[in-house]
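The block underneath contains the structure these notes are about, expressed in structure tokens.
The values are calculated or read from the model by the stated rules, or taken from the named source; none is laboratory data. In this text, all values refer to a predicted model and were calculated from it rather than measured experimentally. Glycine also receives a Cβ, built like all others from the backbone with ideal geometry; neighbour counts cover every protein chain displayed. Just the protein is used for accessible areas: all its heavy atoms, side chains included, with ligands, DNA and RNA removed. Shrake-Rupley method; radii C 1.70, N 1.55, O 1.52, S 1.80 Å.
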Amino acid sequence: MEASREFVYQKFTEYYQDPSTVIPVTSMPEQREFAYLMFKERFMVRHKRFAEFKNFRAMLAETVPSDVYHSCAYYENPEADMDKKGWMGSDLVFDIDADHIPTSCNKIHDEFKCMKCGFEGRGITLEECPCCGSTKFETKIWACDLCIQSAREEVAKLLDLLENDFGFSQSELRVFFSGHRGYHLHIENETVRSLDALARKEIVDYVIGLGIKTFDKKGKTSVKFRLHDFGWNRRLKMGIKSFLSNARQEDLIKAGFDTRKLELLTEKKDTLIERCLDEGYWAGVMGIGEGTWMRLAEYIREEKAAKIDTVVSTDIHRLIRMNGTLHGKTGLKKVEFPTKDLQTFDPFTGAVAFKKGTAKVLVSDAPEFIMRGETLGPYKNQTVELPIAAAVMLICKKRAQVAN
Ligand SMILES: [Zn+2]
Ligand SMILES: [Zn+2]
């Protein structure tokens, strides 16, 4: 193994062998499948069962995997083949990752390269290469403050939907920093456990605002746009009100309105807001028809929908990163924090695993970043002495090597 990988492996080893390292016990471990990625050999060991948590800790200390997962599902026989495991239920999990949120920064700091033909691009990695059709890419991604802040906003929307529309209590909603550039939300309760993939799909559709009904038939001839006072209808109603109240010209253009509509919307703003809030029925405002309302509603829906990775929540056999373990792409750990601390929890402090010492590294390219409150970088082809956590992160992200 080359020196830089060896260095990271060494640090991971220290973390997993340190008795003071806290790895919180997963609920019902004896019924979950555990899996881990081998650090050196790069293959995934799956279908493991650890009836006793101390055996799991011993495995971590001995094997030192680069990434550790457990199933969201509960099985009669976690060690058996997939079709013989005996599915007993699954937690409901949500994954919010900057990978799925189009931010203005990912064009700046994210790159991908097709492993087959070498096609290169910036921004969110494509599903398939436009040149050769391959789906394998080498990626170089970064997590900046804007990435984290964008993901945080999506979590806030998700929490609002789950608490206010589904009625989950704060204590049932467990929020984690994922260890990279996103968040996980776990719900482990009796009610959700037995939901099948289809039921989970319905929850997902609701969360992303798919198929919201906004039209009511009123009388025989007229179909009017109407919003009720609950759930998505209320969210749209309040959203449109706030949007119209504060919209500047550029906001209306961004929402897709032409100059004529723009003037009309500005001119009749007060009437529209009144209709929207007091009467709930939106019709009879000259020049503002169904099309306009629908466009407004669609714009607000897009803004209020939580951008989750939909595949994760509907997969009833999903493996998810284990709380307290390290992320192989950052050296940060997955860590839980109280939902009320969403806005203040700083992953680059709270998820740091390596707190002592420094290391000398040759950095090829890194933007400015903050680690445990200390501003570092930007670096370009230079040798620097960095706190271990920063050195490990840059090496994991293939932006630095151990310097002699
Ligand atoms: Zn290609
Ligand atoms: Zn970013």
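Of all residues in the stretch 176-198, count the ones that are over 20 Å from Thr349 (Cβ atoms) and either open to solvent by 10 Å² or more (accessible area, probe 1.4 Å) or out of contact with any helix residue (DSSP H, G or I) (no Cβ under 8 Å at 6 or more places or on another chain) (or both).
Residues in the stretch 176-198 being over 20 Å from Thr349 (Cβ atoms) and either open to solvent by 10 Å² or more (accessible area, probe 1.4 Å) or out of contact with any helix residue (DSSP H, G or I) (no Cβ under 8 Å at 6 or more places or on another chain) (or both): 12 in total.
Suppose the filter is in contact (Cβ under 8 Å) with a residue 12 or more places away in the chain and under 30 Å from Lys398 (Cα atoms); does Leu265 pass it? So Leu265 does not fit the description; no. Look at Ala143 and say whether it is assigned to a loop (DSSP other than H, G, I, E, B), of a type in the set (A, V, I, L, M) and either within 16 Å of ligand 2 (Cβ to nearest atom) or touching a residue at least 40 places away in the same chain (Cβ under 8 Å) (or both). For Ala143, the condition - assigned to a loop (DSSP other than H, G, I, E, B), of a type in the set (A, V, I, L, M) and either within 16 Å of ligand 2 (Cβ to nearest atom) or touching a residue at least 40 places away in the same chain (Cβ under 8 Å) (or both) - is met. Is there any pair linking a residue in the stretch 308-325 that is surrounded by 18 or more Cβ atoms within 10 Å (Cβ to Cβ) to one that is assigned to a loop (DSSP other than H, G, I, E, B) and of a type in the set (Gly, Ala, Ser), with Cβ under 8 Å and at least six apart or on different chains, and which? Filtered contacts from the stretch 308-325: Arg321/Ser178; Arg321/Gly179; Thr325/Gly179.
What are the residues in the stretch 340-358 that are of a type in the set (Val, Ile, Thr) and surrounded by 21 or more Cβ atoms within 10 Å (Cβ to Cβ), if any? Write out each step before concluding.
Going residue by residue through the stretch 340-358, those that are of a type in the set (Val, Ile, Thr) are 344, 349, 352, 358.
Across the stretch 340-358, the qualifying residue is only Val352.
Pairs linking a residue in the stretch 224-244 that is within 9 Å of Leu296 (Cβ to Cβ) to a residue that is outside any helix (DSSP H, G or I) and β-branched (Val, Ile, Thr), with Cβ atoms under 8 Å and 6 or more positions apart or on different chains, are Leu236/Ile212; Leu236/Thr214.
Per this entry, Lys85 is not counted among residues that are out of contact with any Gly (no Cβ under 6 Å at 6 or more places or on another chain), open to solvent by 90 Å² or more (accessible area, probe 1.4 Å) and away from ligand 2 (no atom under 16 Å from the Cβ).
Among the numbered conditions (1) outside any loop (DSSP other than H, G, I, E, B); (2) buried (at least 16 other Cβ atoms within 10 Å of the Cβ); (3) hydroxyl-bearing (Ser, Thr, Tyr), the only one that Thr103 does not meet is (1).
Checked against (1) at pLDDT 95 or above; (2) farther than 30 Å from Leu159 by Cα, Phe112 meets all criteria but (1). Condition check: farther than 29 Å from Val22 by Cα, over 27 Å from the mean Cα position of the chain (by Cα) and assigned to a strand (DSSP E or B). Does Val384 satisfy that? Spelling it out, Val384 is indeed farther than 29 Å from Val22 by Cα, over 27 Å from the mean Cα position of the chain (by Cα) and assigned to a strand (DSSP E or B).
Of all the residues in the stretch 119-175, those that are within 16 Å of ligand 1 (Cβ to nearest atom), open to solvent by 30 Å² or more (accessible area, probe 1.4 Å) and small (Gly, Ala, Ser) number 1. Here Lys360 meets the list (1) within 30 Å of Gln17 (Cβ to Cβ); (2) part of a helix (DSSP H, G or I) almost entirely, failing just condition (2).
Identify, please: which residue in the stretch 106-118 is within 16 Å of ligand 1 (Cβ to nearest atom) and at negative phi and is, among those, most open to solvent (accessible area, probe 1.4 Å)?
Taking the stretch 106-118 as the starting set, the residues that turn out to be within 16 Å of ligand 1 (Cβ to nearest atom) are 111-118.
Right, trim to at negative phi and you get 111-117.
Working: Glu111: 55, Phe112: 11, Lys113: 91, Cys114: 4, Met115: 119, Lys116: 152, Cys117: 68 Å².
Applying the filter and picking the extreme gives Lys116.
Residues that are aliphatic (A, V, I, L, M) and in contact with a Phe, Trp or Tyr (Cβ under 6 Å, 6 or more places away or on another chain) within the stretch 176-200 comprise just one, Leu185.
The set of residues in the stretch 14-41 that are out of contact with any Gly (no Cβ under 7 Å at 6 or more places or on another chain), open to solvent by 90 Å² or more (accessible area, probe 1.4 Å), assigned to a loop (DSSP other than H, G, I, E, B) and touching a residue at least 12 places away in the same chain (Cβ under 8 Å) comprises Val25, Lys40. All conditions but one from (1) within 18 Å of the chain's Cα centre (by Cα); (2) closer than 21 Å to Ile316 by Cα apply to Lys157; the one that does not is (2).
In summary, Gln149 fulfils each of the numbered conditions (1) closer than 27 Å to Ala35 by Cα; (2) within 14 Å of ligand 2 (Cβ to nearest atom) with the single exception of condition (1).
Pull up the stretch 88-100, narrow it to residues that are of a type in the set (Asp, Glu) and within 16 Å of ligand 2 (Cβ to nearest atom), then point me to the one that is least open to solvent (accessible area, probe 1.4 Å).
Of the residues in the stretch 88-100, the ones of a type in the set (Asp, Glu) are 91, 95, 97, 99.
After this cut, where a residue has to be within 16 Å of ligand 2 (Cβ to nearest atom) as well, the list is 97, 99.
On the way: Asp97: 22, Asp99: 58 Å².
Step by step, filter the stretch 88-100, then rank; the result is Asp97.
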